[in-house]
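Student: Quick one: structure below, then a few questions.
Readers should treat all values here as calculations from the given coordinates under stated rules, not as data from a laboratory. Predicted, not measured: the structure shown is a model, and the values here were computed from it. Virtual Cβ from ideal backbone geometry, glycine too; neighbours counted across all protein chains shown.
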Amino acid sequence: MTSSGSYNLPVKFLTNPAGKKLLLRTVLFFAVLIWCAGIVYNSVLPESAYTVLSSVFVKKIYGAVCHQRIAKTFKFNGHYFFVCARCTGIYFGALVVSIISLISLQKLPKKMMLLYISTVPMLIDVISTTAGIYNYSKLIALITGIFFGSAVFAYILAVLENNFVDKSV
Amino acid sequence: MNRNQIFPPLVCGFGAAVLTTVPGVKNFACCLIVPMAAVISINLDHRINKSAFPIQAGKAVFFGIMTGLFAAFFSTGFDVLMTYLTRTNDFVEALPQTEAFIAQYKLNELLDQTMAIFRQMSKDIIAYGFSAFYLFAMLISNIFVNVIFGIFGGLVGMSIFNKRTTHTQN
């Protein structure tokens, strides 16, 4: 470091709108990544005493936001995910959009209609399976969840950027 | 902050906790219950307190946090109550299976101590229907998860109601 100006570079970057946007998107990406990793780590990592013991509590944590019914949950490597197929779709949909939002730093559209439209397939699936029109399919639940999760994440990110990044300029 | 501002998150948090405890309801909207409660609490605040529009982001986050906190307290309370009445829960039921599974590994000191804590928790629950450590762990994890989901719900609610007001005014 040769001058005090070089120390100020990160500060300057993080106080301008583009820097704030990048910081927000990075933080959200890591938050969603950690959340998604938690869903599958028990199935993906090699089985050890650590994974077995920690899964007892991690399952409880995810239990706060998911019914965790075995019949509606994906199984991989002999272990069930900690959330159902639909929730898996929602969170991984959010992860995909968080990655895209990091690659392309374009302003996301804050379209309420997009949110409503993304809810329709999920609602149709929930109502149809409950009414017995067709049997529950993990794949359909996953796909409709991905649609919904990606739209919700894009919407929340747009709301956050509108209120905490753009308004602070 | 007045008492009336706490009332909507309290009612919605309680409602969310009840719904997360009812298994049938949880099947439909598992992860949407707390965010939806935060959305409703913002709407309720507007109706009760005649709050001004547009809703500020800070207020939406506050309502989300409060709804999440109340949902966490009540759902932990319900969990503890159910555990006390039945002297068992899914943790106690899963522990023997975990112990059998873990028997194949040579445990280091850390894991050994963790397992000892788990066993003690299970013993306490079976004997007294209550374990302070279990309560603490559940409360912390519920607060962590519900507050985050509540904040998201609060922000979405803010956006929905602000947009509606803009449309109405136009």
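Student: From (1) within 13 Å of chain B (Cβ to nearest Cβ); (2) buried (at least 20 other Cβ atoms within 10 Å of the Cβ), pick out the condition that doesn't hold for A:Thr130.
Tutor: If we test A:Thr130 against (1) within 13 Å of chain B (Cβ to nearest Cβ); (2) buried (at least 20 other Cβ atoms within 10 Å of the Cβ), just (2) comes out false.
The rows are residues; the columns are (1) assigned to a helix (DSSP H, G or I); (2) surrounded by 16 or more Cβ atoms within 10 Å (Cβ to Cβ); (3) within 12 Å of chain A (Cβ to nearest Cβ).
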{"residue": "B:Tyr84", "(1), (2), (3)": "yes, no, no"}
{"residue": "B:Pro96", "(1), (2), (3)": "yes, no, yes"}
{"residue": "B:Glu99", "(1), (2), (3)": "yes, no, yes"}
{"residue": "B:Leu110", "(1), (2), (3)": "yes, no, yes"}
{"residue": "B:Ser122", "(1), (2), (3)": "yes, yes, yes"}
{"residue": "B:Ala127", "(1), (2), (3)": "yes, no, no"}
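Student: Here's another thing I want to ask about it. From B:Phe53, B:Phe161, B:Phe74, which residue is assigned to a loop (DSSP other than H, G, I, E, B) and not charged (D, E, K, R)?
Tutor: Working: B:Phe161 fails: assigned to a loop (DSSP other than H, G, I, E, B); B:Phe74 fails: assigned to a loop (DSSP other than H, G, I, E, B).
Unique residue meeting the criteria: B:Phe53.
Student: Also, I was wondering about something else. Which members of the stretch A:120-157 meet the condition of being assigned to a helix (DSSP H, G or I) and of a type in the set (Phe, Trp, Tyr)?
Tutor: A:Phe147, A:Phe148, A:Phe153, A:Tyr155
Student: Given the condition crowded, with 23+ Cβ neighbours inside 10 Å, more than 12 Å from chain A (Cβ to nearest Cβ) and assigned to a helix (DSSP H, G or I), answer yes or no: does some residue in the stretch B:16-30 qualify?
Tutor: no
Student: Of the residues B:Ala137, B:Ala72, B:Ala94, B:Ala132, which is within 21 Å of A:Ile61 (Cβ to Cβ) and in contact (Cβ under 8 Å) with a residue 24 or more places away in the chain? First the steps, then the outcome.
Tutor: Details: B:Ala137 fails: in contact (Cβ under 8 Å) with a residue 24 or more places away in the chain; B:Ala94 fails: in contact (Cβ under 8 Å) with a residue 24 or more places away in the chain; B:Ala132 fails: in contact (Cβ under 8 Å) with a residue 24 or more places away in the chain.
Result of the check over B:Ala137, B:Ala72, B:Ala94, B:Ala132: B:Ala72.
Student: Moving on to the next point. Filtering the stretch A:52-79 down to residues that are facing chain B (nearest Cβ under 8 Å), assigned to a loop (DSSP other than H, G, I, E, B) and of a type outside the set (A, V, I, L, M), which residue is surrounded by the most Cβ atoms within 10 Å (Cβ to Cβ)?
Tutor: Restricting to residues being facing chain B (nearest Cβ under 8 Å), assigned to a loop (DSSP other than H, G, I, E, B) and of a type outside the set (A, V, I, L, M), the top hit is A:Cys66.
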